[in-house]
Amino acid sequence: MEIIRMKSLFFLGLLTCILWNRSINHETSSVNESKSFDPLELSIKLMIRHRNLNCIQFVKDRTQHTLIYLALLMLTISSDIESNPGPRTPKYPCQVCTRAVTWKDRGVACDDCSKWYHVECLHMSTYMYNALASSSISWQCTACGMPNFSTSLFDSFVINSSSNIFEHLSDSNISLSPGPPAAASSPLKQNNKEPPLNKKLKPKNTKILIINFQSVKNKKAEIGNLIDSSNPNIIIGTETWLRKDICSSEIFPDGFNVYRKDRRDGYGGVLVAVRSDYISEEVNPDNENDTESIFVKISLHHNKSLIVGSMYRPPSSDLAYMEDLKQQVDKLKKKYKGAVFWIGGDINLPDIQWTTQTVDNHHYPTSVNMKFLDLIHDNHLEQIVSFPTRKDRVLDLFLTNRPSLVNRCEPLPGISDHDIVYIDTDITAKINKPTQRKIYLWKKADNTKLEELTRSMNTNFHSIFHPMSPIQEIIRIWNNLPQRAVDSTSLDEFRQEVLACSLR
């Protein structure tokens, strides 16, 4: 293939020299000669008509003739010319309306065939959509959920004319096990007890989304629909294009702790968003380098940890950038030896063939590709994503040292030109316990005693304070008196509380 390409370039260069000399000779010729039959002009017209390039305006200048001819030759050599390409077929079409399913509208995918549908096309109610999004219930489309009817079901209703309906019963029709009787002297006990409310339910799996945003600022609605639909616990994001003056609360809904590392020029940038009920903290080993990476530690049960990282490698980065990324992962792996590692992001290395873990192309230097493979091998990680995430290339990756804990790894429609990587795992994080607070049952309150305590406020207040008392002290004690009255159990105790407040 390379030899054919070099031959084409050689002949194209030779033809360029010939045509350039010819254009110079024609410029020095007379006007009458220029009006004669010109094979170059005829070939240009034929090529324009053959390639359907009527949009090119034909000119009379000899130099421009040569340039147009060379441009048309280059177009002829290339094999990707489409005179009328038309609309592109969507990657995730709706099976009802055939339009693309994006996160601008609500969508749902079948758990069996992975085909997408618009919620509006299915006429699904909002209550049903929210119930599916907030639970682990699987949803099947009509094609997958319909039972497989066999012909034996319908043949069983056909009466066989050759059979004798008055034939005596054979021994094969007698059941050897008649089953339990319909009624007995000692009926079986039925367990109708409901499970206790404090019974511990099985914790849900942890769901991760790896997203290449390409600007988060203008995609708040898409992010909201994505979170409502997939209900992720952790979001690993790259190319956020955020600045320090933009708050995370302006983009992400409530319920997430967002850890960010923004680039100074307003492009690039990475983030890790974790559910707020998870116990998490940032653990970057070195925050002063220029690599776009951030790492977060999440507490698991039995004093174990989960390290979640987001990394982005710009296409213009060099070998030194990849070495800095490797040093960061090496330091974290040594510091948290028994931890589970999840590292995701857009690494921009399409040259690596992940089935064999070899470098088969030369878009980027081989040293950069090999250094990233060393990062994986030296830290005992494994790359999980096996499907293309941008066109036909695997750019968004997910690395882990516990691949057995990964249940599913599937693509979702993206909010940019990258697909979203959806991962379901068998890990449950430790949840923050809610803060205990006292709740008063007003139905059980002793109103008579409260009235007596409230009446005594006036007498005690005037007996303790005088017109020259500091106003700040009076306001402080007056604000505390209602709460003291509610918490007190007797009138004497209430008077002691008031006296204690006045002495403070």
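The values are calculated or read from the model by the stated rules, or taken from the named source; none is laboratory data. The structure displayed is predicted, hence computed values, not measured ones. FYI the Cβ positions are ideal-geometry reconstructions off the backbone, even for glycines, and counts take in every protein chain you see.
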| query | Does Asp392 qualify as being buried (at least 16 other Cβ atoms within 10 Å of the Cβ), of a type outside the set (Ser, Thr, Tyr) and more than 28 Å from Ile427 (Cα to Cα)? | reply | no
| query | Can you name the residue in segment 192-226 that is at pLDDT 90 or above and within 19 Å of Cys409 (Cβ to Cβ) and is also surrounded by the most Cβ atoms within 10 Å (Cβ to Cβ) among such residues? | reply | Ile211
| task | Confirm whether Ile439 is among the β-branched types (Val, Ile, Thr), at negative phi and in contact (Cβ under 8 Å) with a residue 12 or more places away in the chain. | result | no
| Among strands (runs of 3 or more DSSP E) lying entirely in segment 267-357, which contain 1 or more residues that are of a type in the set (Ser, Thr, Tyr), assigned by TED's automatic domain parsing to the domain that holds Arg393 and closer than 22 Å to Glu239 by Cβ? | 292-299, 305-312
| message | Consider segment 92-124. How many of its residues are in a loop (DSSP other than H, G, I, E, B) and either of a type in the set (Phe, Trp, Tyr) or under 18 Å from Ser230 (Cα atoms) (or both)? | response | 14
| said: Among the residues that make up segment 303-321, is at least one of them out of contact with any strand residue (DSSP E or B) (no Cβ under 6 Å at 6 or more places or on another chain), at positive phi, modelled with pLDDT under 95 and not aromatic (Phe, Trp, Tyr)? | reply: yes
| query | Out of segment 91-120, which residues are surrounded by 15 or more Cβ atoms within 10 Å (Cβ to Cβ), among the hydroxyl-bearing types (Ser, Thr, Tyr) and touching a residue at least 40 places away in the same chain (Cβ under 8 Å)? | reply | Tyr92, Thr102
